[in-house]
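Below: one structure, written as structure tokens.
Please treat every number below as a calculation from the coordinates, not as lab data. Please read these numbers as outputs of a predicted model, since none were measured by experiment.
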């Protein structure tokens, strides 16, 4: 815990506190945008699978396959390593 505060203090004194705050704001903003983007893609793919592709299947199969395929698709495209 002490190491974290000393590293943060050292970073604030080297780059200035305003630059560090700007970096935190930019990081927070990009995190929120990526979560929104992933949720929008998930919803669109889920609706596509459940309404278009599996409309004639039983409700349980429609639900399970649409959920799993949508989650897999979003997990596949959001892996950026």
Length gained if residue 36 through residue 55 is fully extended, taking 0.36 nm per residue and subtracting the Cα-Cα distance, is 4.2 nm
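What does the extension gain come out to for residue 44 and residue 27, with contour length at 0.36 nm per residue minus their alpha carbon separation?
3.5 nm
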